[in-house]
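Read through the structure below, which is laid out as structure tokens, and then see the notes.
No value in this document is a laboratory result; all are computed from the given coordinates. Just so we're clear, the structure is a prediction, and the values are computed from it rather than from any experiment. Cβ placement follows ideal geometry from the backbone for every residue including glycine, while neighbour counts extend to all protein chains displayed.
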């Protein structure tokens, strides 16, 4: 079933444009990201150089605050493939996602995806946190003709565990 | 669980007919706001403990944006700067940069030969600048490497770092443009310092640069796409320090050339170091954030660093990325209604100054003829 859904997303039907960013180097897409219920948000921009992950959104230097935007602006990797993410302060993340629904529309595609993510591997120098049980439910409206995301709603949750600094070995006598 | 909403505001070109008009309007609003922040005595509310430095940065910005030296706000600010002898590297350097900018004749061609630069400072002010330049050179931890400040005894409290070093280099370049002598060893030391803070492990890469005056890009194969670290103790590079490395090396090359002390081998070495920096920036290109900074801070500082690197090395585009238009588009989107780039009191002067200096392309290009 999952494979069928993925194929449905990747192979356009009824002459609909595929779900793919169409962003020339000379254009900038600007969004406002707000926490639900709050009036003021922050600016998020996408340029072509931010489409690093095989033509999908992947800016450099990710922070934890970028995770909602990242999941909203890209499709989950196909099937069992996993996305590796280097996030500042955090032990590298491994994320996988599932596409649940696609509304076949020539103008816009509604994509519902569920992501799960967690810290994987050993902590490197500078990592202060480990993420566990991360989930993100995303409902994105993608403008097929224009080739960009119109809007998204993101529910994100994760457990953040602080890494205790390793105690150095004490000096042994003389 | 947190819930977020992402809404499209607009999709717009970073290159459009009226962009320069919008940039000019943004500069005018920013300048008006910045002038309004001056205090009664001509100073600006210090950023941290940088009393003279903050005022000097505001003066540098206002003069670079075309406010004349005779303007009451600039006059009062310059008097404030001249009346003090700062001890911190940043402050000495920015004071020199501000004074040089203030005494730059309006309409001076960027193509002027180094020997033709005229800065008509009164004698007492010239002596003040010579003193600042001498103090900068004297207090270097090693020739071409600076830290925040010397102890009264002359011993440094921290390691030299690329940020202080970059500003000292800019300050000494401003001094040289005022015909104040700077030692050859200092410029040679700058090259040595940035070789030390360069990333040790870096991949091979190809970087394509479009230079000023050129239409077609030139492809360069680079042996190491190595960025520049904040200091030798830091494990990796980030964007502002890499830009700082490129700018400082370009200045060292320019100044050694003026002194006829640039052997071809050294010129080639500097060229490789600079291209490695561009290749690093190309790999980690970001205009919406300060790439790879450990805390993601100092975004506006980064943009101004990139402006200096690009202008001093004469780079118009990196691959298909037009640094100026992309940065300007980001800044136009981020300017507040007040004309500032941050409404919070703590950092609004520095952020507004860095944004304006970027938009104004305030750095004087390298002059390669004596």
Worksheet item: When the Debye formula is applied to the Cα atoms of the range B:222-370, each taken as the same point scatterer, what base-10 log of I(q)/I(0) results at q = 0.09, 0.14 Å⁻¹?
Response: -0.30, -0.69
Discussion item. Give me the one-decimal nm value for the distance between modelled label points at residue B:346 and residue B:75, 7 Å along each residue's Cα-to-Cβ direction.
Written reply: 3.7 nm
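Which order do A:154, B:23 fall in if you start with the one that has the fewest other Cβ atoms within 10 Å? Can you show the working numbers first?
On the way: A:154 25, B:23 19.
Final ranking by Cβ density, sparse to dense: B:23, A:154.
Return the average number of partner chain Cβ atoms within 10 angstrom of each residue Cβ along peptide B:288-295.
Details: counts 12, 8, 2, 3, 4, 2, 4, 3.
So the per-residue partner count for this stretch is 5.
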Worksheet entry | FRET efficiency, residue A:106 to residue B:183 (Cβ-Cβ, R0 60 Å, nearest 0.05) | 0.30
Practice prompt. Per DSSP H run of at least 4 residues, take -39500 (n - 2.57); add these up for the protein assembly as shown, divide by its residues and hand me the 222 nm value, nearest 500 deg cm²/dmol.
Written response: -11500 deg cm²/dmol
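Round to the nearest 0.05 the FRET efficiency obtained for residue A:22 and residue B:267 when R0 = 51 Å and r is the Cβ-Cβ distance. Walk me through the numbers before you get to the answer.
Details: r = 44 Å, r/R0 = 0.86.
Efficiency for this residue pair is about 0.70.
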Fill in: Rounded to 5, percent antiparallel among DSSP beta bridges of the protein assembly as shown
95 percent
Discussion item. If you average the C-alpha positions of the range A:55-70 and of the range A:23-42 separately, how far apart do those two centres end up, in angstrom?
Written reply: 13 Å
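What Kirkwood radius, in Å to one decimal, follows from the Cα pairs of the range B:1-112? The partial results should precede the final answer.
Values: mean 1/r = 0.0619 Å⁻¹.
Final number for the Kirkwood radius of the range B:1-112 is 16.2 Å.
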Fill in: Label-to-label distance, nm, for residues given as residue A:64 and residue B:49 (7 Å Cα→Cβ offset)
3.2 nm
Discussion item. Classify the protein assembly as shown from the C-alpha gyration tensor, please: rounded if a/c falls under 1.5, else prolate or oblate depending on whether a/b exceeds b/c.
Written reply: prolate
Worksheet item: How far, in nm, would the chain grow between residue B:108 and residue B:16 when pulled straight, counting 0.36 nm per residue and subtracting the alpha carbon separation?
Response: 30.3 nm
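From the Cα trace of the range A:2-162, what convex hull volume per residue do you get, rounded to a whole Å³? List each step's numbers first, then the result.
On the way: hull volume 19.4 nm³, N = 161.
In the range A:2-162, the Cα convex hull volume per residue is 120 Å³.
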Worksheet, complete the sentence: The residues B:179, B:123, sorted from fewest to most surrounding Cβ atoms within 10 Å, come out as B:123, B:179
Item to complete: Compute from the Cα atoms of chain B the Rg and the Dmax, the latter being the longest Cα-Cα distance, and quote both in angstrom.
Response: 19.9, 66
Fill in: At R0 = 22 Å, FRET efficiency that the Cβ-Cβ distance of residue A:163 and residue A:86 yields, to 0.05
0.90
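Please rank B:19, A:70, fewest neighbouring Cβ atoms within 10 Å first, as an exposure proxy. Could you put the intermediate results ahead of the total?
Working: B:19 17, A:70 24.
The most exposed by this proxy come first: B:19, A:70.
For residue B:148 and residue B:338, compute 0.36 nm times the residue count separating them, minus their Cα-Cα distance, and round to one decimal in nm. All intermediate terms of the calculation are to be shown ahead of the outcome.
Numbers: separation 190, 0.36 × 190 = 68.40 nm, distance 3.26 nm.
Working it through step by step, the gained length comes to 65.1 nm.
Percent relative contact order of chain B, based on C-alpha pairs within less than 8 angstrom and at least six residues apart?
19 percent
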